[in-house]
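I have placed the structure first, in the form of structure tokens, so that the comments after it can refer back to it.
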Amino acid sequence: MTVNESNRPTIVINIHNTIDEKRLKDVLFGIEEEGIPYLIKKNDNSNAISSAYEASKESRLSVGIGCNQSEVVVHYKNLEMKKYLFKVSDYQSKPKELMRTLGSNAARLVKGDIFKENNGLEVSF
């Protein structure tokens, strides 16, 4: 029996086609530390917020991440598209701990756990 990857309960991560997923290794480590599976998809959407929103709609766990050249965004499907949960701008120059916290918080949203605090995380509300 074959498992269809898109039907598994995962956090869906939409990465722009020009991004190497290695850039997100610390985000992925944060998700893995919390024990939540993820699925990486490449796309041509250059808007990280709408990419994250679309990922949250695809995710059976209702949580999505979008990534372009300069931003990584965590979104939840029940929010308006412009109302993302967390965003890190210019993420390639940010500390690894901040990026790991972003991934961890995406997974904690799934689990219903309290978010980790980090002043480097931007919120939309």
Open item on the list: Tell me the label only: which of (i) 17.9, 49; (ii) 13.0, 46; (iii) 12.7, 33 is Rg and Dmax of the Cα atoms in Å as calculated from this structure?
Closed with: (ii)
TODO: Quick one: what are the phi-derived ³J(HN,Hα) couplings along the range 72-85, Karplus 6.51/-1.76/1.60 with θ = phi - 60°, whole Hz, x for glycine and proline?
DONE: 10, 10, 9, 10, 10, 4, 8, 9, 5, 4, 6, 9, 5, 7
Task: Of the chymotrypsin sites (Phe, Trp or Tyr not before Pro) in the range 66-113, those whose Cβ has at most 11 other Cβ within 10 Å and which sit in DSSP loop - done: none
- [ ] With r as the distance between the Cβ atoms of S46 and K116 and R0 = 30 Å, compute the FRET efficiency 1/(1 + (r/R0)^6) and round to 0.05.
- [x] 0.55
Task: Within the range 41-95, trypsin sites (Lys or Arg not before Pro) in DSSP loop having at most 11 other beta-carbon neighbours inside 10 Å - done: K82
Open item on the list: Taking the alpha-carbon distance from K57 and a cut-off under 18 Å, which aspartates and glutamates remain once sequence neighbours fewer than 8 residues away in the same chain are dropped?
Closed with: E5, D44, E80
Open item on the list: Could you derive backbone 3J(HN,Hα) for the range 27-43 from the dihedral phi with the Karplus parameters 6.51, -1.76 and 1.60 (θ = phi - 60°), listing whole Hz in sequence and x where the residue is Gly or Pro?
Closed with: 4, 5, 4, x, 5, 4, 4, 8, x, 10, x, 9, 10, 9, 10, 8, 8
- [ ] Give the long-range amide H neighbours of I11: residues separated by 5 or more places, or on another chain, with amide H under 5 Å away, using H modelled in the peptide plane at 1.01 Å from N.
- [x] Y38, L39
Task: Amide H contacts under 5 Å for K94, placed H, 5+ residues apart - done: none
Task: Residue-by-residue Karplus 3J(HN,Hα) for the range 61-71, coefficients 6.51, -1.76, 1.60, Hz, glycine and proline x - done: 9, 6, 10, x, 10, x, 9, 10, 5, 10, 9
- [ ] Just the number, please: percent antiparallel of the DSSP beta bridges in the chain, rounded to the nearest 5.
- [x] 50 percent
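No lab work stands behind these numbers, since they all come straight from the coordinates. Only a predicted model underlies this, so the values are computations on that prediction, with no experimental measurement involved. We place every Cβ from the backbone using ideal geometry, glycine too, and count neighbours over all the protein chains shown.
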